[in-house]
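Below is one structure. I have some questions about it.
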Amino acid sequence: MADAVTADLREIGLEVEEDGSGAETGSDAGNLLARMPGPDEAPTIVLCAHLDTVPLDAPVDVVCEDGVFRNRNEAILGADNKAAVATILGTARRLAREEAPVGVELLFTTCEERALHGAKAFDTGKLTAGFGFVFDHASPIGELIVAAPTYYRIEARFKGAAAHAGIRPEAGRNAITAAGRAIAAMRLGRLDDETTANVGRIEGGTAANVVAERCLVELEARSLDDGRAAEVTRELVDAAAEAASDLECDLETSMERLFRAYRVPRSSPHVEAASQALLGIGIEPTYVTTGGGSDANALVAAGVPVLNVANGTEANHQPDESVTVEALETMLDVTLGIVAASAG
């Protein structure tokens with residue numbers, strides 16, 4: 001993807017810089033940055049999309065039926081986020097033929113699906129943009145994401161004692177039982193309008209006839225309120241600790257905040273520019289919050305004001321993922337409109 005995007009950008013006369021973040025992120029490519037100059041004293045904006053996808057369960061064989069792109073195989077299409085890559089490249093081709101009203105920086109990141117590693121590793125000091133736009137929300141065109149959550153990843157490793165399950169179970173301490181008791185005591189799912197918690201993976205034991213010595217549980221907590229996310233994370237860890245203690249198991253926990261919540265004021269220039277662009281093509285903007293993270297979280301945390309703009313893809317991360325020709329064409333118009341509106 002990095003090579004293909006680089007080739008497309010060079011074909012229209014742009015210089016492309018690939019950073020060395022692969023050594024940090026584990027990717028076989030770095031983040032890409034290209035620049036398109038605008039008129040003297042015009043502002044500069046950044047347009048951002050990510051190059052990676054979630055893992056593929058089958059090859060991508062794209063078909064277009066009745067104006068809808070899908071994967072012929074039972075796997076993702078990759079419209080998250082290649083649909084945005086395509087419309088940003090389309091915008092760059094148009095601006096290469098016509099004088100851009102603003103300076104435009106094009107940022108293509110790696111490893112977004114791995115906790116935003118690429119955007120976190122990118123040196124934002126290379127940007128001159130006063131604000132920008134990320135196009136990474138699989139929801140109807142017109143939605144502008146004005147708040148996104150803090151996300152904590154939690155691992156709980158229970159260690160008990162192995163024993164023969166049929167001969168001397170009393171000598172064992174079952175780590176799976178401790179993990180199960182912990183999960184049963186946790187408040188999971190949607191906790192309030194802004195907060196969720198989930199147990200996503202559990203793995204443990206060696207055989208049915210052995211009292212399980214070890215069990216790993218992976219959890220997450222999210223909230224639009226950073227403090228609330230930390231509070232829920234502590235509750236999950238406390239539940240695990242209490243269950244481990246009750247069943248005489250040892251417990252090791254690790255917690256990591258992978259990204260932090262942000263809110264974008266409706267009066268911000270990038271929100272106003274996106275709203276104008278939508279209204280200009282007859283779409284009423286709506287201002288929504290999300291429970292998902294994006295490169296916007298990493299860029300905002302690094303001091304770059306950006307807005308995540310929904311791009312009309314559907315069912316991301318699912319084998320029935322799709323995007324319509326109409327959505328791609330509309331998002332090209334939206335992106336061009338954003339560039340024009342940003343001049344004001």
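The values are calculated or read from the model by the stated rules, or taken from the named source; none is laboratory data. All of these numbers come straight from a predicted model, not from anything done at the bench. Quick reminder, even Gly has a Cβ in these numbers, built from the backbone with ideal geometry, and neighbours come from all protein chains shown. Areas reflect the complete protein model, heavy atoms only, side chains present, ligands, DNA and RNA absent. Shrake-Rupley method; radii C 1.70, N 1.55, O 1.52, S 1.80 Å.
Those residues that are acidic (Asp, Glu) and under 15 Å from the mean Cα position of the chain (by Cα), I need them from the range 284-313; list them, please.
ASP295
Go through the residues of the range 108-125 one by one and say whether even a single one is under 21 Å from GLU272 (Cα atoms), open to solvent by less than 50 Å² (accessible area, probe 1.4 Å) and either in a loop (DSSP other than H, G, I, E, B) or among the aromatic types (Phe, Trp, Tyr) (or both).
Looking for residues that are under 21 Å from GLU272 (Cα atoms), open to solvent by less than 50 Å² (accessible area, probe 1.4 Å) and either in a loop (DSSP other than H, G, I, E, B) or among the aromatic types (Phe, Trp, Tyr) (or both), one finds none in the range 108-125, hence no.
If you don't mind, there's one more thing I want to ask. Given the criteria in contact with a strand residue (DSSP E or B) (Cβ under 6 Å, 6 or more places away or on another chain) and either at pLDDT 95 or above or in a helix (DSSP H, G or I) (or both), does VAL288 qualify?
In short, yes.
In the range 70-87, is there at least one residue being in a strand (DSSP E or B) and either open to solvent by 50 Å² or more (accessible area, probe 1.4 Å) or of a type in the set (S, T, N, Q) (or both)?
So far as the range 70-87 goes, yes, one or more of its residues are in a strand (DSSP E or B) and either open to solvent by 50 Å² or more (accessible area, probe 1.4 Å) or of a type in the set (S, T, N, Q) (or both).
Surrounded by fewer than 22 Cβ atoms within 10 Å (Cβ to Cβ), touching a Phe, Trp or Tyr at 6+ places or on another chain (Cβ under 9 Å), of a type in the set (D, E, K, R) and more than 30 Å from GLY303 (Cβ to Cβ): which single residue out of ARG214, ARG168, ARG201, ARG187 fits that description? Spell out how you get there, then give the answer.
Values: ARG168 fails: touching a Phe, Trp or Tyr at 6+ places or on another chain (Cβ under 9 Å); ARG201 fails: touching a Phe, Trp or Tyr at 6+ places or on another chain (Cβ under 9 Å); ARG187 fails: touching a Phe, Trp or Tyr at 6+ places or on another chain (Cβ under 9 Å).
Testing whether each residue is surrounded by fewer than 22 Cβ atoms within 10 Å (Cβ to Cβ), touching a Phe, Trp or Tyr at 6+ places or on another chain (Cβ under 9 Å), of a type in the set (D, E, K, R) and more than 30 Å from GLY303 (Cβ to Cβ) leaves just ARG214.
Given the condition over 19 Å from the mean Cα position of the chain (by Cα), closer than 25 Å to ASP295 by Cβ and without any contact (Cβ under 8 Å) to a residue 40 or more places away in the chain, answer yes or no: does some residue in the range 42-64 qualify?
Yes: one or more hits.
Among the residues in the range 91-98, are any part of a helix (DSSP H, G or I) and either among the β-branched types (Val, Ile, Thr) or within 22 Å of the chain's Cα centre (by Cα) (or both)?
Yes; the residues of the range 91-98 include at least one that is part of a helix (DSSP H, G or I) and either among the β-branched types (Val, Ile, Thr) or within 22 Å of the chain's Cα centre (by Cα) (or both).
Pull up the range 259-274, narrow it to residues that are open to solvent by 10 Å² or more (accessible area, probe 1.4 Å) and of a type in the set (Gly, Ala, Ser), then point me to the one that is nearest to the chain's Cα centre (by Cα).
Among them, the one singled out is ALA261.
Which residue pairs have Cβ atoms under 7 Å apart, sit 6 or more places apart or on different chains, and have a first residue in the range 145-165 that is more than 16 Å from ALA301 (Cα to Cα) and a second that is of a type in the set (Lys, Arg) and surrounded by 19 or more Cβ atoms within 10 Å (Cβ to Cβ)?
Pairs that qualify, where the first residue is more than 16 Å from ALA301 (Cα to Cα) and the partner is of a type in the set (Lys, Arg) and surrounded by 19 or more Cβ atoms within 10 Å (Cβ to Cβ), are GLY160/ARG173; ALA161/ARG173.
Residues are listed down the side, and each one gets a yes or a no for (1) open to solvent by less than 30 Å² (accessible area, probe 1.4 Å); (2) closer than 20 Å to ALA92 by Cα:
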| residue | (1), (2) |
| --- | --- |
| ALA7 | no, yes |
| LEU14 | yes, yes |
| GLY20 | no, no |
| ASP28 | no, no |
| LEU51 | yes, yes |
| CYS64 | no, no |
